[in-house]
Amino acid sequence: MSIVTRFAPSPTGHLHIGGARTAIFSWAYARKNGGKFVLRVEDTDQTRSDASMTQGILDSMAWLGLDYDGEAVYQSQRFDAHNAAVDKMLETGHAYYCTCTPDEVEAMREKARAEGRKPKYDGCCREKGLGPCEGAVVRLKAPLMGTTVFEDLVKGHIAVDNAELDDMILRRSDGTPTYNLAVVVDDHDMGITHVIRGDDHVNNTPKQVLIYQALGWDVPKFAHVPMILGPDKKKLSKRHGATSVMEYQKDGYLPEALVNYLVRLGWSHGDQEIFTKDELFEVFDIVNLGTSPSVLSPEKLNWLNQHYIKESSVERLVGLLPEFLEEAGASNVDTSLLAKIIPELQARAVTLKDMAEKALFFFVDAFPIDEKPTNKLLKQDHAVIDERLNDLAEIFGDIDDFDKESLEGAFHRYMDKHSLKFKDLGAPVRLSLSGQGGGIGLFDMMELLGKDKVVTRLKGWKATLIKE
RNA sequence: GUCCCCAUCGUCUAGCCUGGUCCAGGACACCUGCCUUUCACGCAGGCGACAGGGGUUCAAAUCCCCUUGGGGACGCCA
C-alpha cells in the first residue's frame, strides 16, 4: 500500500511551530516510505481566513523546505463534495434535519453540565423526520449505544462510549459543511492513508470514525502527536515568545536548525541529535514518537542553530547576513569584507541576528558598547589609558603593511617596553575598537578594520567609551 | 463538571511492548579543568531522574491497580 499523508492547516494565523512539527512528521513519514505528502488548506471559515495568511503558511513551509506533492487543495472549493456526502447520509438514514436553535442547544448543554454529564445536544429532532427548511441544520444520527474504537499509531487503543458523543452538526443552516464532515470527506477523496495531527484532535477522531462508518468508507490510520508546551507547561501561545515559524526566521534561525529541533521534540532515534534531511528520510518512523507532551527549550534550539551556522558555507552566510546587519543599523554592506569576517564569527554566534550584532562595529562607527567590561576598564586611571592608546595609535599609524603579523609584533614590543601584560593593553584596545569585551582575535580584528579606523578609534576612545 | 490522554535528570530523551545485561545511557543547560591574547569553539570530567503507594514475581524504570500531578477536548471554530 502506498502511503499518503497530509498537512491541513487552517489559514487563521501564521504557521505555528506546533503545526510545523506535525507537518514535518507527516512529510518525513511520507518521504521515508516513498509515499506522498499533500497539502490541504482548511479555509472554510470565511470570516477568519484570508489569502495573506494562506500565503504566509506557504512561505513558511517553503522556507522550512517542506515540499508537498501536487497542487494544494483548498477546502472551500470542495463544498459540492461535502454536500454530496451529507445528502448520501440523509438518504441512507444516517443523518437528519434539526430545527433547534443555537440558544435551545446551549440550554441543553447547560442542563447536562448541571447534571454532571458531558454537555451535548439531546437528540430532540432525531426521530421527527423533518425535511429541509429554512434555518435547519443536518445532524449525524450517531449510535446511542456501544463503543467507538480506533488504534492510534502513537497512543494505541482508544475507546470512547458512544453515549459520550453528540449527534454532531454536519451541515450548517447556511448550507456550509462543518469541520469534522469536511475533514472526513477530504481525507477520503484525497486518498489519505495516515492522518498525523496534534493531540488536540484525539477527541475529534471518534466523531470522524462515526462519519466514516455512516458513509461506508474505510477508516485511515491515525497518529496523534503530543502537544508542545511552553516552559510553564501550558499549551503554547503567544505569551511564550516566538511561536510562529516566521518569527524564528526573523530572529536569525536557520531552517534546518528549526526542523532538526522540532523533529527531535517528541521523536527520537536512539542517541542521535543531528539529522540531515536525507537521514530523516532514512530513519523516521512513527513508532519512535513519544507519548507525552514536550516543553520547548530555546537553549537547545540555540545549540542546534549554532551548530548549523558553523556548518554553513561562507557564501551562504554572506547572502543571508546583510538583511540582519541592515536591521541592526548598517547600510551598503561591503560583502567582500563580510566574507572575511564571517569565518571568524561562525563559532561565536548563536543566531544570524547575533552574528550581525557582533559584526556591526565593522560597518558603522556608532556601535553599541558593552557596559560591564567598559565600566571595569574605566575604573583605571584615564590618563594612563589615554597615553597608552595614543601611543599605540601613533605606532600603528606608522605601519605600512597593516597585517596581523606586523600589528602583533608592534603590540608586543610596546607591551614589553612598558612591562605590561597582554590583558592590560588588549582590553582597552578591544573596547575602543569594537565596544565589546570579547570576540574575534585582536589582530585579525585590526587588520580587517583597516588602519584608518583603528587609528581614529584608538584616539577617540574617550568619546566612544565614556557616556554623557 | 464530564470524557480522552500522559507521567525517567531543570529540559529533550534512550530503556518499557519481549521483567534480570540499568545502584538507569545520551543531548541541551549548569559547574570544573585543559586549550587559549579576549570571547567563543573544541576536548576531558562533574552535578542531576525512574511522581507516590500498593500488588504480581526469585527479580520491576519495565506488568497490574489506586492516588497525586499534568495536558487536551466537550461550538452552526478549525
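For chain A, the carbon plus sulfur part of the accessible surface works out to 50%, probe radius 1.4 Å. For chain A, the longest principal axis of the alpha carbon atoms and the long axis of helix A:422-434 meet at an angle near 60°. Within segment A:282-359, none of the chymotrypsin sites (Phe, Trp or Tyr not before Pro) combine a DSSP coil assignment with at most 16 other C-beta atoms in a 10 angstrom radius. Counting only DSSP beta bridges with both residues in chain A, the antiparallel share comes to about 50 percent. Take every Cα pair under 8 Å whose residues are at least 6 apart in sequence, average their separation, divide by the length of chain A, and the relative contact order is 12 percent. Taking Cα centre as origin and charging only the Cβ of basic (Lys, Arg, +1) and acidic (Asp, Glu, -1) residues, the dipole magnitude of segment A:66-144 rounds to 540 debye.
Taking each DSSP H run with n ≥ 4 as -39500 (n - 2.57) and averaging over every residue of chain A yields -14500 deg cm²/dmol at 222 nm. Using only the alpha-carbon atoms, how far is helix A:298-311 inclined from the longest principal axis of chain A? Give it as 0 to 90 degrees, nearest 10. Value to nearest ten degrees: 60. Under the combined filter of DSSP loop state and at most 10 neighbouring Cβ atoms within 10 Å, segment A:15-122 retains these GluC sites (Glu not before Pro): A:71, A:115. Cross-link reach is defined here as a Cα-Cα straight distance under 13 Å, omitting same-chain residues fewer than 8 places apart; for residue A:238 the aspartates and glutamates meeting it are A:247.
Under the rule a/c < 1.5 gives rounded, and otherwise a/b versus b/c splits prolate from oblate, where does segment A:389-459 land using the Cα gyration tensor?
rounded
Averaging the sequence gap over all C-alpha pairs within less than 8 Å and six or more residues apart, then dividing by the number of residues, gives segment A:287-446 a relative contact order of 22 percent.
Checking the cross-link pairs A:353/A:467; A:118/A:155; A:36/A:88; A:250/A:310; A:118/A:235 against a 21 Å limit on the alpha carbon distance flags A:353/A:467; A:118/A:155; A:36/A:88; A:118/A:235 as lying beyond it. In a reduced charge model with +1 at each Lys and Arg Cβ and -1 at each Asp and Glu Cβ, segment A:75-121 shows a dipole moment near 300 debye about its Cα centre.
Once the 1.4 Å probe is applied to the protein heavy atoms, chain A comes out at 48 Å² accessible per residue.
The values are calculated or read from the model by the stated rules, or taken from the named source; none is laboratory data. Small disclaimer: the values here were computed from a predicted structure and weren't measured. Using ideal geometry, Cβ is built from the backbone for each residue, glycine included, and neighbour counts are taken over all protein chains shown. Accessible surface areas use protein heavy atoms only, side chains included; no ligands, DNA or RNA. Shrake-Rupley method; radii C 1.70, N 1.55, O 1.52, S 1.80 Å.
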